[in-house]
Amino acid sequence: MTTSDLQEAAAALRAGRLVVFPTETVYGLGAHALDPDAVRRIFAAKGRPADNPLIVHVADADAARRLAAAWPEAADRLAKAFWPGPLTLVLPKAPDVPSITTGGLDSVAVRVPGHPVAQDLLRAADVPVAAPSANRSGRPSPTRVEDARADLGDAVAVYVDGGPTDIGLESTVVDVRSAPAILRIGGVPRQAIEDVVGPLAAPGDGPTPSPGTRYRHYAPRTPLHVVTPEALAGRLEALRRDGPVAVVANQENAPPEADDVHVVVPGRRSDGEAWARRLFALLRDLDTGAFRAILVEAPDPQGIGEAVLDRLRRAAEPGPDRS
Ligand code: TXA
Ligand code: MG
């Protein structure tokens, strides 16, 4: 990206317009976080429910601190360990963060992204930037700028292309207002968080999950089935009787390609990073209508694999809302 492109994007943000930009996780749909009219445009462009709060992006931990009414010790430790990077902290919100940005909550989610283009843009804009993933609500998050463009079109003033994103799925969201708890698993693995702040609150003991995790997400229009290695072959035989099937499988166990079976291998079972990097682009690319089903053999749930499985389960959930 040239300096003038960057300046144009930064000026658009300051003027209250929408900018799609790369982060190390997924592309974000950014707007001036302290300008309610700008933030309203995000909700309209995505078709996002108003009670689903946004993550506010800033260039460094000092800027993050200014958005929060308190800065607990766990915030300090996690920020030092993982920022810049794929971690979001939920903190009590400072009074000047508008309630539209936080979905009406009295907390604010903040993140310092590590992508160099995101860093440059945030420094040039010099305002906090609210940015959800740059997809229409209910679509897979975009890992390529063209995916964001396909979903959002002319609603966005400037698209900043940084190439395919590195991690491929969203940040881990940790609530640090009391005993730290994961609200959404993502780019930083659970174990890495526990190594810094000790054992996390068990699911159910902690605060309610992020509002966004209540909504149907990452939904391909083609039915998606997630199976164990043992079940893969049998399930494939049953599904292919009704038409062509796309299979996403681990290297150890992938079936042969055939006229009616398209096979994609993201990596070995233990290579959660490779799975994370390709997952959302695959969901988009295989969802063309050419297949009667997408059959996925799950990778190991270790490390970032836990987040891969979380996103796969959401994509596989049956539901009336397949829009
Ligand atoms: O990696 C990411 O986190 C990407 C990039 C662009 O930074 N952003 C992203 O934003 O995934 P979004 O809006 O698609 O997901 C944000 C999640 C939602 O589940 C939302 O409900 C939750 O974070 N969240 C935001 N603010 C919150 C708050 N104050 N309390 C609890 N959850 C919050
Ligand atoms: Mg999202």
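Only residues that are within 16 Å of ligand 2 (Cβ to nearest atom), surrounded by fewer than 24 Cβ atoms within 10 Å (Cβ to Cβ) and not in a loop (DSSP other than H, G, I, E, B) were counted across the stretch 156-181, and they come to 1. Among the residues of the stretch 1-22, those that are closer than 10 Å to A134 by Cβ and either in a loop (DSSP other than H, G, I, E, B) or open to solvent by 10 Å² or more (accessible area, probe 1.4 Å) (or both) comprise L18, P22. Return yes when R149 is open to solvent by 20 Å² or more (accessible area, probe 1.4 Å), assigned to a helix (DSSP H, G or I), away from ligand 2 (no atom under 16 Å from the Cβ) and touching a strand residue (DSSP E or B) at 6+ places or on another chain (Cβ under 7 Å) and no when it is not. Considered against the rule, which asks whether it is open to solvent by 20 Å² or more (accessible area, probe 1.4 Å), assigned to a helix (DSSP H, G or I), away from ligand 2 (no atom under 16 Å from the Cβ) and touching a strand residue (DSSP E or B) at 6+ places or on another chain (Cβ under 7 Å), R149 comes out as yes. Output the qualifying pairs, or none if there are none: Cβ atoms under 7 angstrom, residues six or more apart or on different chains, first residue in the stretch 53-66 and in a helix (DSSP H, G or I), second residue open to solvent by 40 Å² or more (accessible area, probe 1.4 Å) and not β-branched (V, I, T). As it stands, the answer is R65/W71, since those pairs meet every condition given. As for the stretch 81-89, it holds at least one residue that is farther than 26 Å from G163 by Cα and in a strand (DSSP E or B). Taking the stretch 227-281 as the range and being more than 23 Å from the chain's Cα centre (by Cα) and among the charged types (D, E, K, R) as the test, the residues that pass are E230, R235, E237, R240, R241, D242, E252, E257, D259, D260.
A count restricted to the stretch 217-259 and to residues that are more than 22 Å from G272 (Cβ to Cβ), in a loop (DSSP other than H, G, I, E, B) and open to solvent by 40 Å² or more (accessible area, probe 1.4 Å) stands at 8.
So that you can scan it fast, the table gives a plain yes or no per residue for (1) open to solvent by less than 30 Å² (accessible area, probe 1.4 Å); (2) within 11 Å of ligand 1 (Cβ to nearest atom); (3) over 14 Å from the mean Cα position of the chain (by Cα); (4) under 25 Å from V160 (Cα atoms):
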| site | (1), (2), (3), (4) |
| --- | --- |
| A79 | yes, no, yes, no |
| G103 | yes, yes, yes, no |
| V108 | yes, yes, yes, no |
| R123 | no, no, yes, yes |
| V127 | yes, no, yes, yes |
| R136 | no, no, no, yes |
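Checked against (1) open to solvent by 20 Å² or more (accessible area, probe 1.4 Å); (2) within 16 Å of ligand 2 (Cβ to nearest atom); (3) in contact with a Pro (Cβ under 7 Å, 6 or more places away or on another chain), G47 meets all criteria but (3).
Evaluating P299 against the criteria (1) open to solvent by 10 Å² or more (accessible area, probe 1.4 Å); (2) assigned to a loop (DSSP other than H, G, I, E, B); (3) modelled with pLDDT of 95 or more; (4) not acidic (D, E) leaves one unmet condition, (1). When the residues of the stretch 187-210 are filtered to those that are at pLDDT below 95 and of a type in the set (S, T, N, Q), the one that is nearest to the chain's Cα centre (by Cα) is S210.
The values are calculated or read from the model by the stated rules, or taken from the named source; none is laboratory data. Please read all numbers here as calculations on a predicted model, not as lab measurements. Note that each Cβ is placed from the backbone with ideal geometry, even for glycine, and that neighbours are counted across all protein chains shown. Surface accessibility is based on the protein's heavy atoms, side chains included, excluding ligands, DNA and RNA. Shrake-Rupley method; radii C 1.70, N 1.55, O 1.52, S 1.80 Å.
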